[in-house]
Amino acid sequence: MIAFDLRCGEHHIFEAWFKDREAYEDQREKGLISCPVCGSTEVEKILSPVAIKKSSSTSATVPAAGAGDGAEVQEGFLKAMEKIYNTVLENSEDVGTRFASEALKIHYGAAEARSIRGVTTDEEEKMLQEEGVQFTKIPVPAKMVKKEEIN
């Protein structure tokens, strides 16, 4: 088995597994490979990102073809995460360490349904999952963490 990184005509990047290179070529020619995002069957192989470990403690990442340089990719990712984080901040109530308690109240109808954000312990997260409470963990971009949140 071999995995190839592929890009469709709409520039969506995805991965697919094949028996071998010939199986990929055969399926591509027959239009059997489609983009999971848009359904396009116009696909091409692209270079896979690789990490190169140097003798020092640093590593270099080579981005996929057409993705720009590593700094551009990282900058774009950080901007997207910042936008997501700002949207969450603007559209939710901060309940802090009471997140698990408030989420349970909402789940069981004891509190008004609303978007909340806060923090939990690993044990609280496990309990929420066992209770069937839907929640999503969103990483906070480091540059957005305020100094008072760290102390």
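Just so you know, all these numbers are worked out from the coordinates, no wet-lab data involved. What you are looking at is a predicted structure, and each value in this text was computed from that prediction instead of being measured. Counting neighbours? That spans all protein chains shown, and the Cβs are built from the backbone with ideal geometry, glycine included.
Annotations for the structure displayed:
- Here E72 and D94 are evaluated by their C-beta separation; at R0 = 41 Å the FRET efficiency comes out at 0.80.
- Amide H contacts under 5 Å for V119, placed H, 5+ residues apart: G96, T97, R98, F99
- Spin-label model distance (nm) - Q27 vs Q129, 7 Å beyond Cα toward Cβ: 3.0 nm
- Straight-line reach from K83: taking Cα to Cα under 20 Å and skipping same-chain neighbours fewer than 8 places apart, the aspartates and glutamates in range are E72, E75, E93, D94, E149.
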